[in-house]
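The values are calculated or read from the model by the stated rules, or taken from the named source; none is laboratory data. Note that this is a predicted model, so its numbers are computed, not measured. Cβ coordinates were reconstructed from backbone atoms using ideal geometry, including for glycine residues, and neighbour counts include every protein chain displayed.
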């Protein structure tokens, strides 16, 4: 037992003597992160509460007419902000296997991007990702929670090159 503590203490002392890692001083990450955060806040303020969320039916990935209105607002805002990059995240409720839900989440995200492009999205910097059932918006095993978790979320980032 004492040997474990001694080994841990020795490891900490060795780390304390290491040089600091090389840091590129030309990158101003806090300012860049603030700009991205501000852009996301502006986007959410313009499209409304949950306006960047598109909801889906159980085991569905088609964008309904009601959800298209949300996407139209998103497209209008994005076309006015060419510096914006977006990532569309696909999500699922807790039902189904992880593998199945990863695929379904990807189909949801891709479906949203397809509709946005049909609506005239000019933003060239678009990516998609699926989180499957791994990031629920609302915990719970009832239909109200499931309905909120079956979604695609548009997240705005910024081209900082």
### Query
Filtering segment 138-153 down to residues that are over 12 Å from the mean Cα position of the chain (by Cα) and touching a residue at least 40 places away in the same chain (Cβ under 8 Å), which residue is farthest from residue 41 (Cα to Cα)?
141
### Answer residue from segment 35-52, given it is modelled with pLDDT of 85 or more and more than 13 Å from residue 84 (Cβ to Cβ) and is farthest from the chain's Cα centre (by Cα) among those
45
### Query
Only one residue in 115, 88, 126 is touching a helix residue (DSSP H, G or I) at 6+ places or on another chain (Cβ under 6 Å) and at pLDDT below 95, so which one is that?
126
### Query
Cβ-Cβ below 9 Å, separation at least six or inter-chain, first residue in segment 73-101 and touching a residue at least 24 places away in the same chain (Cβ under 8 Å) and at positive phi, second surrounded by 20 or more Cβ atoms within 10 Å (Cβ to Cβ) and assigned to a helix (DSSP H, G or I): which pairs?
96/104
### Message
Quick check on my filter: what residues within segment 102-141 are within 17 Å of residue 91 (Cβ to Cβ) and in a loop (DSSP other than H, G, I, E, B)?
### Response
133, 134, 135, 136, 137, 138, 139, 140, 141
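Conditions (1) closer than 12 Å to residue 87 by Cα; (2) out of contact with any strand residue (DSSP E or B) (no Cβ under 6 Å at 6 or more places or on another chain); (3) crowded, with 16+ Cβ neighbours inside 10 Å, marked per residue:
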residue	(1), (2), (3)
100	no, yes, no
104	no, yes, yes
113	yes, no, yes
117	no, yes, no
132	no, yes, yes
146	no, yes, yes
